Every structure is written in C-alpha cells, then in structure tokens.
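So the structure is just underneath, and the comments pick up after that.
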Amino acid sequence: MGTNRKVVLARRPQGLPTDSDFRIEEETVGEVAAGHVRVAVEHLSIDAFIRTVLEESSYHPSVAIGETVTAFGVGRVVESQAPELAVGDAVRGPVLAQTLATLPARYVERVDAERAPLTAYLGVLGLTSGVTAYVGIRDVAAVRPGETVVVSGAAGGVGSMAGQIARIDGARVIGIAGGAHKAKHLVEELGFDAVVDYKREDVAARLRELAPEGIDVFFDNVGGELLDVVLDQIRVGARVVICGAISQYDGDVSKGVRGPALYLRLAERNARMEGFAVNACPPEQLAKAEAALAGWLARGEVRLHEHVEQGLEHFADALGVLFTGRNLGKLLLAV
C-alpha cells in the first residue's frame, strides 16, 4: 500500500501547455494483481510527442480529460507479482507521469544499471532519443562518408545524438540551434563541424557559406519555415528525414501543420523526403540500434548532456522548457 501522485489532464491546452491544463491528484494504491508490477518512478522523459497526445485526436493514443498524462520513464520495482521481475530491478517503460506506476510486467523492460546510469536509458539508449536518432541516420538517411549532414534542433536529445552518429559514419555535420552556448557545446564537446545559430544568424545565408555545394542529408526535428530554407539548398540525390516538427506543436496538430512550399525541390533534384516513427520499427531493429549505442557510450564516442527539471508538480514547466528551446541535451523530470 502507498500513495501515488499523478499528473492528470484537466483541459486541452490552447497553445503551449500551462499549469492550469493539468492537476496533481493523489490516490491510495491497492494490491498488485497477478502478472503486474509496481514501479517507483525516478525520472520521466520529456518528449515532444507528449504535446500531441494532449489533443483530442492524435497519432499516438490521446489522453482523455481526467486521465494520467503519457510519459516514458525509469525507476525500480517495489512490488512484483510477475516471476520475470523482482523487487529492486531497474526498469523503463510507459510509466506515465506519476510517482508509482502499477502496470502489467510486459509493459516494462529490465535494464542494467551497472552498464549505464538509469537516466541513460531515456537518453543515449532511449527509444525517443538515441534509438530514434540511430534509426533516422543509419536506416532512413543511410549517411555515407564525406556527405554533408544538417541537423535541426541539434542541441536537443535527438538532434545531439543524430549529429554524433552522422559524425561516426564519416559525415561532415552542421547543426542548427539557438544560442552561443549551444553552438559551443555542439562543436567543442560533441564534435559537430559547425553550427548555425538561428537566433543570431541568417540561416539560409550561413548554410550557403558552410555548404556551398549543397546539403546531402537533412535530419529535421523542427519543420515549418526552416524546412523550406534547407529544401532550397539540397543537392541532387539528397535525403530529407522527417523526425519531428516541434515548431508546429503549439496548436492542434490533428487539424494540420504548415507543410513545405518548396517540396518540388525534391523532384527537381531527384531527392527524397521520408518520415519515420520509431515505435513502428521491429524489435530486432531497435535492439541493433541500442547495442551500437551502448558500445559507443562505453567507449566514450557519444555523450548526451542531461537537463533535469525537479518535481512532478513542475510537469507543465518542463514541457515549456522543451517547447521554448531552453534545454541543452536530453530533458528529464525528476519526480
């Protein structure tokens, strides 16, 4: 028995989520049913997709008014009625935005806290960060040595990893991020070749300077006007990977987003634009990605800064940090 604190959806946000869109509820938890476990949640992954599930209609299952908000997280098993998991096991999974998650054991995965810190299983080794970046760079873009790769949202959890993986694969990597401190981090600590600071520089002009022969791969996390800027500078045979469009997530995404006006550059330059959803990948593809990431992490070939916000009551604030670009690296919430 114990008390669970959870974030429930009070109303559908209009624009960026605020405190008034959520409420914190407390409940006394009962016995754990057969085949289930109870997890003491330690950290939540604050991801862009969370904004989309707050809408009435969403690609991911929508959160109903009064329901606990969707989120991935890590923690430790405190009660178990499943033979495959024991008390004390470290796990990750869709624990939701709460302090005690009681769910079927099959929904969570045991992780090795000796191999890497628990938070790494949401970041470098996480489905929505490192694994997403790996699939986009390796499997969708198929980056080749010597190519010029541009990554938008480059200082975020996915962008930071995408640029590092492209660098490992022999590409010349240009990030697009906002702020001198982010640019310095990407170049000096993560090995990006150059960064365009969209807050201080003309992105189109700067990209022409940095990639005068054009762009081979664009890994896009931002969408909107920036997508058109880069489409205008792609090379023949380029690949544009649509990972996300965070610039479009401040409204009802189900009613449409701003698409590219310069999509004909794809035809003119025999290029392709392809989107992907990592949750649609087969398990063996995800396992391959995580194995590669774990090896790079152990050898110090990749790293991911963690920006940690504190307290479940600051869930809305954490989303605000993400959607205003105030985070550096992977954004987490310590519950």
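So, restricting to helices (runs of 4 or more DSSP H) that lie completely within region 145-220, which ones have at least 1 residues that are over 22 Å from the mean Cα position of the chain (by Cα) and not polar (S, T, N, Q)? Walk me through it before giving the result.
Working: elements: 157-168, 180-188, 203-210.
It comes to 180-188, 203-210.
Going by the structure shown, is LEU103 part of a loop (DSSP other than H, G, I, E, B), surrounded by 15 or more Cβ atoms within 10 Å (Cβ to Cβ), in contact (Cβ under 8 Å) with a residue 12 or more places away in the chain and among the hydrophobic types (A, V, I, L, M, F, W, C)? Give the derivation first.
Values: part of a loop (DSSP other than H, G, I, E, B): no; surrounded by 15 or more Cβ atoms within 10 Å (Cβ to Cβ): yes; in contact (Cβ under 8 Å) with a residue 12 or more places away in the chain: yes; among the hydrophobic types (A, V, I, L, M, F, W, C): yes.
No; evaluated as a whole, the condition is false for this residue.
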Would it be correct to say that GLY123 is touching a residue at least 12 places away in the same chain (Cβ under 8 Å) and touching a Ser or Thr at 6+ places or on another chain (Cβ under 6 Å)? yes
Got at least one residue in region 281-299 being under 16 Å from ALA48 (Cβ atoms) and not aliphatic (A, V, I, L, M)? no
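Only one of LEU227, LEU297 is modelled with pLDDT of 95 or more, part of a helix (DSSP H, G or I) and in contact with an Asp or Glu (Cβ under 7 Å, 6 or more places away or on another chain); which? Steps first, please.
Details: LEU297 fails: in contact with an Asp or Glu (Cβ under 7 Å, 6 or more places away or on another chain).
Criteria check complete, one pass: LEU227.
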Would you pick out the residues in region 300-324 that are in a loop (DSSP other than H, G, I, E, B) and surrounded by fewer than 19 Cβ atoms within 10 Å (Cβ to Cβ)? GLY300, GLU301, ARG303, HIS305, GLY311, THR324
Could you list, in sequence order, all residues of region 113-166 that are polar (S, T, N, Q) and either within 30 Å of PRO212 (Cα to Cα) or touching a helix residue (DSSP H, G or I) at 6+ places or on another chain (Cβ under 8 Å) (or both)? THR128, SER129, THR132, THR148, SER152, SER160, GLN164
Please indicate, with yes or no, whether at least one residue in region 309-319 is out of contact with any Pro (no Cβ under 9 Å at 6 or more places or on another chain), closer than 19 Å to LYS199 by Cβ and of a type outside the set (Phe, Trp, Tyr). no
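The values are calculated or read from the model by the stated rules, or taken from the named source; none is laboratory data. Note that the structure is a prediction, hence the values are computed from the model and not measured. Methodologically, a virtual Cβ is constructed for each residue, glycine included, from the backbone with ideal geometry; neighbour enumeration extends over all protein chains shown.
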